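Nothing in this text is a laboratory measurement; each read-out follows from the coordinates by a stated rule. Predicted model, so just to flag it, every value in this text is computed and none were measured. Backbone-built Cβ (ideal geometry, glycine too); neighbour counts: all protein chains shown.
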């Protein structure tokens, strides 16, 4: 480790080795070489004079990259692709004449990035399925545990702990469907030439348009893509980057919302994230149990969300067939967005799998607020017992104001029920107060909603995920 040079904390501290590898120099440049092999193989199949020994020589060196040579050549040539063309050619002297034949730099750079995006999305699909599974179990286990609902972060009608988790789960299930949809639509740039006209390949094949079209199809097929962009300039449309980063922003939003709620619940001491036996919450305040994992999620989510706008700005500033002001930007935004979401999903799964619920604290908070929420039920019971609705309403209003003032001014407990029990207007229903204040009477269909949502939405997604990648479409397509 170089202690005097900046390191990206996403790779050195947070992200998984799997995601780091996808965006590593080794994977990037070996993918360039696989693309050069695929192009040469397809050109040979379509009649160009490329020998088997040339292909074999290239294939043998795909992973064996002389990075020192490539870096030295780039300092001289000031062109990353050509430096690697030359470095590859040094290792493959017989194949040197046909490496990169007819291609432009974006043949390897853009297609590699699309391969990296595809592999990253597949990895995130697995990560997201794990998070869905952890939250599914939590939501189902606590589907009927009453808890205070909050609107404006003020106590509102009761919900259940499981129903609240189902709200997090709903956002993530939507993200899962969006991710699968994007994976199914993601195109390959293919073999398009310098400005997207395929002129160089048309020249190679003596004006044979059909063979150029077959070359484009064949290279995409070798690299495992069903779809290809229908038209391109030198690059694939950078609007695809926006689509990708918008999806990643959505995942960041969902995990950030979940983590924000958990931070608030930790403040209330109702639900807390996992906390290690020897974990230190504060260097000064030894008693503290800070929600640091949820805070990290919120921190990184904010960063990932910001990158979607970056992709939009990059697309809108691409002039005509391309400009190079996207290059340095995308070297940062694409990998860091994927690395960030990799961290978010792993952290969120860890948190969801170890959430600690404190039912007695939750019950205490319900007891403090439920008398206010039960007043409508009490009015209805009083009317049924022969009381005057308007008189009952006014009495409850006065007693409620007095009870609230006692809580706020004196720090006392909510004594609304005892006040009502001492009011002769409520003599006929006071005996039923305990029955009327059963928290389960205030949670509506929350348990049933959770069960239906898990059965009808979440479980099919998890089943599909367990079966592997979404099925490819039966016929190859050009992406519109």
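Annotations for the structure displayed:
- Working note: Cα gyration tensor of segment 345-406, eigenvalues times five, square-rooted, sorted largest first, giving semi-axes of 40, 14, 9 Å.
- For the pair segment 63-121 and segment 243-269, the centres of their Cα atoms are 39 angstrom apart.
- Centre-to-centre separation between the Cα atoms of segment 375-429 and those of segment 128-187: 37 Å.
- Under the criterion of Cα pairs below 8 Å and six or more residues apart, the relative contact order for segment 375-416 equals 25 percent.
- Once the Cα atoms are used to define both axes, helix 327-353 deviates from the longest principal axis of the chain by about 40 degrees.
- Seen against the Cα atoms of the chain and their longest principal axis, helix 161-185 is set at about 20 degrees.
- Cα-based shape type of segment 222-378, given that a ≥ b ≥ c are square roots of the gyration tensor eigenvalues and the cut on a/c is 1.5: prolate
- Cα gyration tensor shape for segment 108-166, rounded if a/c is under 1.5, else prolate or oblate: oblate
- Note on 169, 69, 121: ascending count of other Cβ atoms within 10 Å places them as 69, 121, 169, the fewest first.
- Principal-axis tilt of helix 80-91 within the chain, Cα atoms, nearest 10 degrees: 60 degrees
- Shape parameters for segment 375-436, alpha-carbon atoms, Rg then Dmax in Å: 11.6, 36
- Rg(Cα)/(2.2 N^0.38 Å) for segment 94-134, N = residue count: 1.90
- The chain, relative contact order [Cα under 8 Å, separation at least 6], %: 19 percent
- Using the alpha-carbon positions of segment 16-149, Rg (one decimal) and Dmax (whole number) come out as 21.8, 75 Å.
- Derived value for segment 20-98: Kirkwood hydrodynamic radius 12.9 Å. Basis is the mean of 1/r over every pair of different alpha-carbon atoms.
- For the chain, the 222 nm mean residue ellipticity estimated from helices alone, with every DSSP H stretch of n ≥ 4 adding -39500 (n - 2.57) and the total spread over all residues, rounds to -20000 deg cm²/dmol.
- Based on Cα contacts under 8 Å between residues 6+ apart, segment 32-188 shows a relative contact order of 19 percent.
- Cα principal axis extents for the chain, largest first, Å: 103, 52, 39
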